[in-house]
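Working notes, structure below.
Read the figures in this text as sums done on the coordinates, not as results from a lab. Remember, predicted model here, so these are calculated numbers, not experimental data. Neighbour counts are summed over all protein chains in view; Cβ atoms, including those assigned to glycine, are modelled from backbone coordinates with ideal geometry.
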Amino acid sequence: MLKWWQKAIVYQVYPKSFCDTTGSGTGDIKGITSKLDYLHDLGIGAIWLTPVYPSPMVDNGYDISDYTGIGDMFGTMKDFDELIAEAGKRDIKIVMDLVFNHCSDQHKWFQESRKSSDNSKSDWFIWRDAKPDGSAPTNWRSIFGGSVWTWCEERGQYYFHTFASEQPDLNWENPDVRRALYDAANFWLKKGVGGFRIDAITYIKKPAEFHDGKPDGQDGTINVHLMIANTPGILDFLHEMKREVFDGHDIFTVGEANGVSADELPQWVGKDGVFDMLFEFSHVDLPFNDAEIWCYPRKWKLTELKSTLTATREATKNSWCPVFFENHDQPRSVNHFFPSGYDTKKSAKVLAMILLTIRGTPFIYQGEELGMTNVSWEDINIYDDISTKGQYAFALNEGFSPKEAIKHIQFFSRDNSRTPMQWNAEANAGFTSGKSWLPVNENYIDINAEAEAKDENSVLSWYKKLIEFRLKKSHEVLTAGSYREIFADSEEIFAYERELDGEKIIVVVNFTDKNLKLPDEYFADKRIILTSENNFDSSELQPLEARLYE
């Protein structure tokens, strides 16, 4: 028997860019509440909110200064309670984002810790003395660029931060730290949230000793991910969190676990694991090396994408997994997975077919259901994302020209997914009546929810059709059915079978911009029941066509 979250469609909202009701130029909680009918009509069963806590917003809310509050820019706790209540009336759960690897340097815990080495919070963070020459303790480079170490004059030591200097890492070795974090999570459970997405969780456990690593860049530094991700002993911490927070609640948990491989998934999810699901990134990280350096992308093949998706499903046969192609940290999928020049509308429909028919719980990122695309800004000053600016500086330091660096930024920047939601063709795409905090993508005139709702051939209409098909009682094969990839060696077609109690569904998608002949011996007795091209009687796949056979 599947649980509710295994059958649900989850929708990720980036509150800052979703809907502004005040004219401030920034999205708010009331804006999310105002769009609940849109999400209910789409078929959404849970909404994952990126952080809405108080924050200086150095990293757009992932630098939290109060774990049990609501940031003024987003509204009030009353607004949040109303969102929970109104969503519940529509059978929609609200899922919170837990950022427990680090907090803001403005958090009262860090403000106390930085004062001295003998105060009550002195070891709530990771402090180290300088090397004999006064330099940083190690040559590790933060995820956002620059050293992971920042000098604190007040305390006379360096503190550690996996991300920005304004995001000091919490010391999970201290049981008081863990208890404070568990208490914060339980606060939101009492509010009635339906689950948690847990941010950057693979970094919470640090090595017993800190040593320099072999540089992977010309600046003599090494990406911190290679030095601390998934340090042995991390699962002991996580099992404790499961016992203290997750157990006994009808919720779902999904961890962000960059660096966890498919063969490690059984340790992390399921009966003997920690989380119900795990975001692992092998399929979206195909263009990158291990350090995910944007300016050194690699070419990848369709067989690699297929094998990563299949490996995840093979590793979670006895547990569960999420399905996603986009989130707030990724570029838009139509640009990420298809060559430049491909029809983005058709590309969006291809990915929608996989997202909503492959085994696992689908996670739709806001605007993905519209086929929203990357932006093409040429001025680095337009970008807001701290990671983007760090990658740009790194590329320049590696010898790339500003024009070359911007080209990589245009393709990989996280701001691609953070531009405001495109609701209609009015000013600012209907997102705000004020000045938007980040520019709206210029194509909002053509790509917007209002226009697509009226077009039966739009990306939005295709999403609604697929979701309706998936959620029907008569099509449980798409939720509970087995998964088996077919034509695994093809560099043009992604195809697989879903089967349950004798019912079989076959999904076939064309990843190319050319017509493809299907093998008659396999498809001769199969009936097309859904196609993105209204191509019901052809043995030939049209360019970027997605089909579902029965």
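Structure notes:
- Low-density loop cleavage sites - GluC sites (Glu not before Pro) in region 449-516, where at most 14 other Cβ are within 10 Å (DSSP): GLU456, GLU491, GLU492
- Taking all pairs of distinct alpha-carbon atoms in region 206-350, Kirkwood radius in angstrom: 17.5
- Take the Cβ atoms of LYS407 and GLN111, set R0 to 35 Å, and the FRET efficiency comes out at 0.30.
- Directionally averaged shadow of region 82-183, computed from the convex hull of its alpha-carbon atoms, nm²: 8.5
- Taking N as the residue count of region 482-549, its C-alpha radius of gyration divided by 2.2 N^0.38 Å amounts to 1.05.
- Helix axis angle, 459-471 relative to the chain longest principal axis, alpha carbon, degrees: 80
- Each part gets one Cα centre, and for region 400-436 versus region 144-204 those centres are 29 Å apart.
- In angstrom, the C-alpha Rg and Dmax of region 74-125 are 17.4, 51.
- Translational diffusion of region 1-137 was estimated from the Stokes-Einstein equation, with Rh taken as the Kirkwood radius over Cα pairs; at 20 °C and 1.002 mPa s the coefficient is 125 µm²/s.
- Positive-end residue, the chain charge dipole about Cα centroid, Cβ charges, pick of PHE144, GLY220, ASN448: ASN448
- Note that region 209-280 shows a convex hull volume over its alpha carbon atoms of 113 Å³ per residue.
- Each of HIS249 and SER474 was given a label point 7 Å from its Cα along the Cα-to-Cβ line. The distance between the two points is 3.9 nm.
- Remark on region 148-276: hydrodynamic radius 16.5 angstrom, per the Kirkwood mean of 1/r across alpha carbon pairs.
- On the principal axes of its alpha-carbon atoms, region 353-466 has extents of 48, 40, 19 Å, going from largest to smallest.
- Residues ARG298, ARG498, ranked from the fewest to the most other C-beta atoms within 10 Å, line up as ARG298, ARG498.
- Spatial separation of Cα centroids for region 324-341 and region 236-293, in angstrom: 22
- Here region 92-184 is treated with +1 on each Lys and Arg Cβ and -1 on each Asp and Glu Cβ, and its dipole about the Cα centre works out to around 180 debye.
- Cα coordinate range in region 299-366, projected on the principal axes (Å, largest first): 40, 27, 22
- Counted residue by residue at 0.36 nm each, then reduced by the alpha carbon distance between them, the extension gain from GLU521 to SER433 reaches 25.9 nm.
- Evaluated with a Cβ-only charge set (Lys, Arg +1; Asp, Glu -1), region 482-549 carries a dipole of roughly 140 debye about its Cα centre, given to the nearest 20.
- Rg to Rh, two decimals, where region 418-509 supplies the alpha carbon set and Rh follows Kirkwood: 1.17
- Note on ASN457 and LEU235: their simple-model spin labels are 5.2 nm apart, each label 7 Å out from Cα toward Cβ.
- Dividing the helix sum by the residues of the chain, where each DSSP H run of 4 or more adds -39500 (n - 2.57), gives a mean residue ellipticity at 222 nm of -7500 deg cm²/dmol.
- Alpha carbon convex hull of region 259-414, projected area averaged over orientations, nm²: 9.7
- Taking the C-alpha atoms only, the angle from helix 175-191 to the longest principal axis of the chain is near 40 degrees.
- More than 43 angstrom apart: percent of Cα pairs within the chain: 16
- With a Förster radius of 30 Å applied to the beta-carbon distance between ASP72 and LYS3, the computed FRET efficiency rounds to 0.25.
- In percent, rounded to a whole number, the relative contact order of region 77-212 is 31, using alpha-carbon pairs under 8 Å and six or more apart.
- Dipole magnitude of the chain, debye to nearest 20 (Cβ charges: Lys/Arg +1, Asp/Glu -1, about Cα centre): 660
- Stokes-Einstein diffusion for region 132-180 at 37 °C, viscosity 0.692 mPa s, with a Kirkwood radius from C-alpha pairs, works out to 276 µm²/s.
- For the pair GLU314 and LYS242, the difference between a 0.36 nm per residue extended length and the Cα-Cα distance amounts to 23.5 nm.
- Local net charge near PRO402, Cβ-Cβ under 12 Å (Lys/Arg +1, Asp/Glu -1): -1
- Inverting the pair-averaged 1/r between distinct Cα atoms of region 16-73 gives 12.4 Å as its Kirkwood hydrodynamic radius.
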